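Colleague: Once you've had a glance at the structure underneath, I'll fire off some questions.
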Amino acid sequence: MWRGIAAGLVLVMVTAVGWAHKPPDASCQAFSGTFVRLTTKGGHHFDVYRAGPPSARIGLLLLPGKARLGERALAWADRVGAQGYRVLALGLRRTGGRGRRMAMERTALQYLSSPGRRLVTFGWGRSGAYESIEASAADPHDVSGTVLCNGGISAKAALMRRIESRVLVLAFRQTTPLPKLQAFEARMRLYGKPLAVHYYSMDPTAADPMGAQFASATAQEVWAQARAFFRQARFLCRRCAPYPALLFGYRD
């Protein structure tokens, strides 16, 4: 009999229209954010979408994975920014090898960290959640929280060992079998990484605020869970943060 961890659902993003070397055409919508061009130390130029108040104390690096930075992803970043967070949305699909991706992630995080913000990486889907771990490993001393939504349970050991932040996993039975989630938790425990897990029986598309099956009440319930995690990332020391009382427990 598994002990329970409170279930909820996090604000996520849907598959969006991809873009290659330039931002999508946003002329048909009144987006509140703006695109910013950044440059890695190696001289690689890339665009990020920035939203939210400059005075925000928490910065979120949003990683949509396969969705990339289409109009729906931009609208999602605007919505999160309107709740008081400084947001950078970064599309990494087909940008080269892991070295280049991590250089882009590191550059984006350094840009987002000014002036003295606590940083959280936030990835959706298998590739986005993997990129969330990857970004935290790229700049481990600055990232305070790592969120993996609907994926991210197959990260390489080299990345898992590098992260120093608290980690929140939001997994769904439909896409993440329980044995795989337990194996991921065991590896995190082996490496001494603070971890909280929420495991849901519902269809993950019900959590997507830009999808056809979006269920607003459910999404808001989980978004509250994410905001609580952000507050912990802001106020708790990363290296001395306690493990959750119900770590490694589940309820069907």
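Colleague: May I ask you to list the residues in segment 55-73 that are touching a residue at least 60 places away in the same chain (Cβ under 8 Å), surrounded by fewer than 24 Cβ atoms within 10 Å (Cβ to Cβ) and either assigned to a helix (DSSP H, G or I) or not aliphatic (A, V, I, L, M) (or both)?
Modeller: Arg57, Lys66, Arg72
Colleague: Go through (1) modelled with pLDDT of 70 or more; (2) within 16 Å of Glu131 (Cα to Cα) for Val12 and report which single condition fails.
Modeller: The single condition Val12 does not satisfy is (1).
Colleague: Please work out if Phe35 is of a type outside the set (Gly, Ala, Ser), without any contact (Cβ under 8 Å) to a residue 40 or more places away in the chain and either assigned to a strand (DSSP E or B) or in contact with a Phe, Trp or Tyr (Cβ under 8 Å, 6 or more places away or on another chain) (or both).
Modeller: Considered against the rule, which asks whether it is of a type outside the set (Gly, Ala, Ser), without any contact (Cβ under 8 Å) to a residue 40 or more places away in the chain and either assigned to a strand (DSSP E or B) or in contact with a Phe, Trp or Tyr (Cβ under 8 Å, 6 or more places away or on another chain) (or both), Phe35 comes out as yes.
Colleague: Hey, does segment 183-204 have a residue that's at pLDDT 90 or above, closer than 21 Å to Ala77 by Cβ and surrounded by 21 or more Cβ atoms within 10 Å (Cβ to Cβ)?
Modeller: No, every residue in segment 183-204 fails to be at pLDDT 90 or above, closer than 21 Å to Ala77 by Cβ and surrounded by 21 or more Cβ atoms within 10 Å (Cβ to Cβ).
Colleague: Among the residues in segment 166-181, are any over 21 Å from Arg106 (Cα atoms), touching a residue at least 24 places away in the same chain (Cβ under 8 Å), part of a helix (DSSP H, G or I) and in contact with a Leu (Cβ under 7 Å, 6 or more places away or on another chain)?
Modeller: No, the conditions are met nowhere in segment 166-181.
Colleague: Pick from segment 186-205 the residues that are part of a helix (DSSP H, G or I) and within 18 Å of the chain's Cα centre (by Cα): which of them is farthest from Asn150 (Cα to Cα)?
Modeller: Met188
Colleague: Among residues belonging to segment 126-157 that are surrounded by fewer than 18 Cβ atoms within 10 Å (Cβ to Cβ) and under 25 Å from Tyr111 (Cα atoms), point out the one that is modelled with the lowest pLDDT.
Modeller: Ranking the qualifying residues of segment 126-157, first place goes to His141.
The values are calculated or read from the model by the stated rules, or taken from the named source; none is laboratory data. Please read all numbers here as calculations on a predicted model, not as lab measurements. Backbone-built Cβ (ideal geometry, glycine too); neighbour counts: all protein chains shown.
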